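What follows is one structure encoded as structure tokens, with my remarks underneath.
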Amino acid sequence: MTRASRLLIALCVAAPLLANAQAALTPAEQKIRETVQRSHDDQVAYLERVVNIPSSTLNLAGVRKVGAAFRASFDSLGFATKWVTLPDATQRAGHLVAEHKGKPGAVRILLIGHVDTVVEPGGPNWVRTDSMARGVGSGDMKGGDVIILFALKALQAAGTLKDMNITVVFTGDEEHPGDPLSVTRKDLIDAAKRADIALAFEGGNRFDATTARRGASSWRVTATGRQAHSAGVFGGAGYGAIYELARIVNEFRVQLVGEQYLTFNVGTILGGTDVEYDTVGIKGTAASKLNIIAKAAVAHGDLRFISEEQKKKTRAKMREIVAKHLPGTDAKITFLDEYPAMSPTAGNARILVAYDTASQALGYGPVRALDPGARGAGDISFVAPLIDGLDGLGALGTGSHAPEERVNLNALRMQTERAALLLERLGHQSSASFARKPASE
Ligand SMILES: [Zn+2]
């Protein structure tokens, strides 16, 4: 046997061994897992306690109360915590920010949760039936919040948390972000500027996680025409506002439909001689007579996109369509930014691989990327333009944003084990190794 072929055989044997070594649990990891399992009842009791504090976004006292409960827990883990208040004009409760400093040079991880809910329950509303519990916010996302907390507790018990650089941000208005976003998302974005990667704990699934999600914005077209007798509509009087608006939305459909991950829904449309439209309430009235050419019309819709580039390209095309007015009409379009896109990146994919490997090492099977079209926007979207990340690491459940929301308590253990192991495996790596690489598109 030549030296070269011996080396080749050695490599062939070593490669699978190396893969196994990565997949199997180390003694520290085994201890982390056992702590999560042992803490299960405490974790469920904790979740019950915070679910029983009603905290819909506009219930500012409730949101702060849930925030204070988590703040005390992060304090006891040695985090430096603060409650960030927002200007009164935003009518939002604020955010919890908790920071843990570990080894200089180790990756800085941002963990994202939120303490507000969509529905406001009348009071304590937790009802447990076997391994399921019903409760507003039980999955979305107080369940995700307790996954973060108990994963960190397990790392502390194993003695490995002390080396990790972790910032936790629990926002108080994820479900209904206050205006302006530049103010209400500032602390989250600032935290991302001090971090290398982000992990978000919105509702999870057993076999997938979120490496990309579409961004969202709104658009509004207002068209005007010359009010005149209808008899002149195709002549000197002009086509009127409604034909102009109909042309525009139809051209949007004809020219832009079919691009992957791009949608632009027309939410509402109004037209006539007297049009009143409330852009915040998304409601209005229109009046006219059948023999009058319409003077005003408005259409209002959303625009969802997978990248900033796709958003810009689409907006340019929409502006171009709007500008080609029918005779005797005018129109203009305005856009409002809401959520940036979380575009697929090589870094996001790499974090998913780490999560997938951790899941398999724990015996929970593979985790793949969720279809980006299948998930709405979330808080991680605001930091995705800055750093790589992964979302969908939270609780498993059903009925989010509804009174019948339920959380799977057995799966809570699985999600906490997977989150803790992911943190353990990422948290000791170097910060430099997570510097963002160019997008994989
Ligand atoms: Zn949520």
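The values are calculated or read from the model by the stated rules, or taken from the named source; none is laboratory data. Just so it is clear, the structure is predicted and the values come from calculations on it, not from any experiment. We place every Cβ from the backbone using ideal geometry, glycine too, and count neighbours over all the protein chains shown.
Among residues belonging to the range 71-97 that are over 29 Å from A158 (Cα atoms) and hydroxyl-bearing (S, T, Y), point out the one that is surrounded by the most Cβ atoms within 10 Å (Cβ to Cβ).
Filtering the range 71-97 for residues that are over 29 Å from A158 (Cα atoms) and hydroxyl-bearing (S, T, Y), the one surrounded by the most Cβ atoms within 10 Å (Cβ to Cβ) comes out as T90.
Please go through (1) modelled with pLDDT of 95 or more; (2) surrounded by fewer than 22 Cβ atoms within 10 Å (Cβ to Cβ); (3) within 21 Å of D42 (Cβ to Cβ) for P124 and return the number of the only condition it doesn't satisfy.
Only one criterion is unmet by P124, namely (1).
Six or more apart or on different chains, Cβ under 7 Å: which pairs go from a residue in the range 97-125 that's on the phi > 0 side of the Ramachandran plot and outside any loop (DSSP other than H, G, I, E, B) to one that's at pLDDT 95 or above and not hydroxyl-bearing (S, T, Y)? Could you list them?
Note: no pairs meet the criteria.
Looking at Y239, Y261, Y243 in this structure, which one is outside the structural domain of G363 (by TED's automatic domain parsing) and at pLDDT below 95? Working first, answer last.
Working: Y239 fails: at pLDDT below 95; Y243 fails: at pLDDT below 95.
Just a single option satisfies the conditions, and that option is Y261.
Being in contact with a helix residue (DSSP H, G or I) (Cβ under 6 Å, 6 or more places away or on another chain) and of a type outside the set (S, T, Y) is true for just one of Q415, Q429. Which residue is that? Walk me through it before giving the result.
Values: Q429 fails: in contact with a helix residue (DSSP H, G or I) (Cβ under 6 Å, 6 or more places away or on another chain).
Being in contact with a helix residue (DSSP H, G or I) (Cβ under 6 Å, 6 or more places away or on another chain) and of a type outside the set (S, T, Y) holds for just one of Q415, Q429, which is Q415.
Could you please let me know if R194 is touching a residue at least 60 places away in the same chain (Cβ under 8 Å), among the basic types (K, R) and within 16 Å of the ligand (Cβ to nearest atom)?
On the way: touching a residue at least 60 places away in the same chain (Cβ under 8 Å): yes; among the basic types (K, R): yes; within 16 Å of the ligand (Cβ to nearest atom): no.
Answer is no for this residue.
Which condition number in (1) of a type outside the set (F, W, Y); (2) in a strand (DSSP E or B); (3) surrounded by fewer than 20 Cβ atoms within 10 Å (Cβ to Cβ); (4) in contact with a Gly (Cβ under 6 Å, 6 or more places away or on another chain) is the one that A297 fails?
Among (1) of a type outside the set (F, W, Y); (2) in a strand (DSSP E or B); (3) surrounded by fewer than 20 Cβ atoms within 10 Å (Cβ to Cβ); (4) in contact with a Gly (Cβ under 6 Å, 6 or more places away or on another chain), the lone unmet condition for A297 is (3).
Could you list, in sequence order, all residues of the range 159-200 that are of a type in the set (D, E, K, R) and crowded, with 17+ Cβ neighbours inside 10 Å?
Initial filter on the range 159-200 (of a type in the set (D, E, K, R)): 162-163, 173-175, 179, 185-187, 190, 193-194, 196.
Within the range 159-200, D173, E174, E175, R185, D187, D196 meet the criteria.
Name the pairs: first residue in the range 345-367 and of a type in the set (G, A, S), second residue modelled with pLDDT under 95 and part of a helix (DSSP H, G or I), Cβ to Cβ under 6 Å, at least 6 apart or on different chains?
What qualifies is A361/A23.
Please go through the range 171-187 and give me each residue that is within 18 Å of G113 (Cβ to Cβ) and either assigned to a helix (DSSP H, G or I) or more than 16 Å from the ligand (Cβ to nearest atom) (or both), ordered by number. Let's see the steps before the verdict.
Going residue by residue through the range 171-187, those that are within 18 Å of G113 (Cβ to Cβ) are 171-178, 184-187.
Result: T184, K186, D187.
Is there a residue in the range 314-325 that is among the hydrophobic types (A, V, I, L, M, F, W, C), assigned to a loop (DSSP other than H, G, I, E, B), buried (at least 20 other Cβ atoms within 10 Å of the Cβ) and in contact with a strand residue (DSSP E or B) (Cβ under 6 Å, 6 or more places away or on another chain)?
Taking the range 314-325 as the starting set, the residues that turn out to be among the hydrophobic types (A, V, I, L, M, F, W, C) are 316, 318, 321-323.
If we keep only those that are assigned to a loop (DSSP other than H, G, I, E, B) too, we end up with none.
No, every residue in the range 314-325 fails to be among the hydrophobic types (A, V, I, L, M, F, W, C), assigned to a loop (DSSP other than H, G, I, E, B), buried (at least 20 other Cβ atoms within 10 Å of the Cβ) and in contact with a strand residue (DSSP E or B) (Cβ under 6 Å, 6 or more places away or on another chain).
Given G365, G378, G394, which one is within 14 Å of the chain's Cα centre (by Cα), among the small types (G, A, S) and modelled with pLDDT of 95 or more? Steps first, please.
Working: G365 fails: within 14 Å of the chain's Cα centre (by Cα); G378 fails: modelled with pLDDT of 95 or more.
Checking each option against the conditions leaves just G394.
What's the total number of residues in the range 199-225 that are within 14 Å of the ligand (Cβ to nearest atom) and assigned to a strand (DSSP E or B)?
Counting residues in the range 199-225 that are within 14 Å of the ligand (Cβ to nearest atom) and assigned to a strand (DSSP E or B) gives 3.
Could you tell me whether the range 367-384 includes any residue that is more than 12 Å from T210 (Cα to Cα), of a type outside the set (A, V, I, L, M) and surrounded by fewer than 20 Cβ atoms within 10 Å (Cβ to Cβ)?
no
Can you give me the ranges of the helices (runs of 4 or more DSSP H) entirely in the range 328-441 with at least 1 residues that are touching a Ser or Thr at 6+ places or on another chain (Cβ under 7 Å)? Steps first, please.
Working: elements: 346-361, 380-383, 409-427.
Result: 346-361, 409-427.
Yes/no matrix, rows are residues, columns are (1) in the same structural domain as G172 (by TED's automatic domain parsing); (2) of a type in the set (A, V, I, L, M); (3) out of contact with any strand residue (DSSP E or B) (no Cβ under 9 Å at 6 or more places or on another chain):
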site: V63; (1), (2), (3): yes, yes, no
site: V84; (1), (2), (3): yes, yes, no
site: K101; (1), (2), (3): yes, no, no
site: P121; (1), (2), (3): yes, no, no
site: D130; (1), (2), (3): yes, no, yes
site: A133; (1), (2), (3): yes, yes, no
